[in-house]
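A short write-up of the structure that comes next.
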Amino acid sequence: WSWAVLWRRGRRPIDWTAPITVANNRSGGGVRVQDGVAVVAVQLLGRGHRATRVTGSVSVETENVLDIVELVPMLRQALGLQLDSISVVTIGSRHGTIGDFPRVYDSEIGTPPYAGRRETWLIMRLAVIDNAQALFWRTTVGAAAISVAQRIAGLLRCQGLRAKVATATDLVELDRRLGWDAVSGTVQRWKAIRGEAGWMTTYAYPAEAITSRNLSQAWTLRADEVIQNVTVFPDATCTATITVRTPTPAPTPPSVILRRLNGEQAAAAAANMCGPRPHLRGLRRSPLPAELITEIGPSGVLIGKLSNGDRLLVPVTDAGELSRVFVAADDPIAKRIVIRTAGAGERVCVHTRDMSRWISVRMPEISVVNSPRPAPRTTVSVVEYAPRRGGGAGALEGGGIEAAISPTPRPATVITIAPAGAQLSEAHRNGFEVIIEQLGPAVVNVSAAGENWLVEMDMFRAENRYVSLEPVGISVGT
């Protein structure tokens, strides 16, 4: 009979009320009150432009991480207020999904767990009835929930992790990206649900598999999108699930440690969203390990090898702030940075007066225009450095930065391409978050987040067709 209940209940479309905006302490945020639970969210931006080092075939290292165990004390607030749970929801993918090059780029990086795109959100749920006594001292339920989100965001900032409270619009947009059309639709099967972007299948981690290493291995999966959810509770227990979006229903779990939540796919996907957490019969709580590390933000764009053999990836975008990237290199290197940015999942627009120079990089996610207006949905603009009158390739020292075409409206990230050997003055170096300077035929110096690396650029043969209309005369790797 339990299977019959799952079959009937699991096929019901889910419907929630819209979130509202509530002000607290002279700032606002979004709150959804549904079925006696107030839900708020915090976007965890982490540390900007932190590099990722690939140390092995299945291991990476980065400073941009969160220990989920440290969230447990934040579940208990002042005057007896206690959150029902905090879900750490990470959404992203290894590479872009449009065109052929993203798959080529993914094969170049290989098997290590990395994410070309990745965002992390904290979804906090406050049970109204269970906190009736504590809420007696608050003005409204919404204001109490927003104040909790603001305090948690402040505590994370004290740890060096940037965080911001989500607005009502942010909550709606996050739900949309997490598959709201699938959970509210009627195409719900026993093993998967379908939305406009593809089929979504949710799997549970068994208790013994909830470790930092296994969470990291989620980013080795070849899928259009990965949604990872680790939920912690006040009694220091947790659950972990992973939702995989694919063009067709997944016939088998992507890993032997994962267990598909049959008959509860819609509810499991809804548990990732900004709403009350549904009860899942196939998901059991387990004690939190002593440490549970998860990466924050994208791994970045592949640059090349360090002197110790590790491979370096550096993010050129930042979800929290505008980013400026300076690349002083010849076309074989500069164009590789551009196409790898698109391979990571960004929508790139190149602004140039020399269309013949950049025609080779054109692909579905890279537009080449000769006007200031970026192509629709552009997230990264590429501009050419225009030397001032009386200056040359090296005239940047002591001078300003000018672009031949300045993008308007300006996207979140702008990459300036200058000739190899161009140097920035100290004053202007501070205006760029990432600086890549060519020192040799395939050697670059990378500066980001206060660190410097000397890197041997990875030059893959498969990229030659995008780099130049003529054969590239640089020694290349395979």
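Overview of results
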item	result
Subset of the stretch 145-158 that is among the small types (Gly, Ala, Ser) and touching a strand residue (DSSP E or B) at 6+ places or on another chain (Cβ under 7 Å) - its residue that is surrounded by the most Cβ atoms within 10 Å (Cβ to Cβ)	145
Selection status of residue 216, under 22 Å from residue 297 (Cβ atoms), touching a residue at least 12 places away in the same chain (Cβ under 8 Å) and surrounded by fewer than 17 Cβ atoms within 10 Å (Cβ to Cβ)	no
Residue satisfying condition, being free of Cβ contacts under 8 Å to residues at least 60 places away in the same chain, surrounded by fewer than 22 Cβ atoms within 10 Å (Cβ to Cβ), within 20 Å of residue 68 (Cα to Cα) and assigned by TED's automatic domain parsing to the domain that holds residue 24, within set 181, 235	235
Boolean, residue 118 is charged (D, E, K, R), at pLDDT 95 or above and either part of a loop (DSSP other than H, G, I, E, B) or touching a Gly at 6+ places or on another chain (Cβ under 8 Å) (or both)	yes
Residues that are at pLDDT below 95 and either within 30 Å of residue 183 (Cα to Cα) or in contact with a Gly (Cβ under 7 Å, 6 or more places away or on another chain) (or both), drawn from the stretch 36-56	48
Pairs where the first residue, in the stretch 13-30, is under 28 Å from residue 189 (Cα atoms) and the second is at pLDDT below 95, C-beta under 6 Å, 6+ apart	13/184; 14/183; 14/184
Subset of the stretch 348-374 (residues that are buried (at least 21 other Cβ atoms within 10 Å of the Cβ) and part of a loop (DSSP other than H, G, I, E, B))	365, 374
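The rows are residues; the columns are (1) under 30 Å from residue 268 (Cβ atoms); (2) buried (at least 23 other Cβ atoms within 10 Å of the Cβ); (3) in contact with a Cys (Cβ under 7 Å, 6 or more places away or on another chain).
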{"residue": "100", "(1), (2), (3)": "no, no, no"}
{"residue": "112", "(1), (2), (3)": "yes, no, no"}
{"residue": "115", "(1), (2), (3)": "yes, yes, no"}
{"residue": "130", "(1), (2), (3)": "yes, no, no"}
{"residue": "139", "(1), (2), (3)": "no, no, no"}
{"residue": "143", "(1), (2), (3)": "no, no, no"}
{"residue": "160", "(1), (2), (3)": "no, no, no"}
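The values are calculated or read from the model by the stated rules, or taken from the named source; none is laboratory data. Predicted model only: the values in this text are computed from it and were never measured. Positions of Cβ are generated from backbone atoms using ideal geometry, with glycine treated the same way; all protein chains shown enter the neighbour counts.
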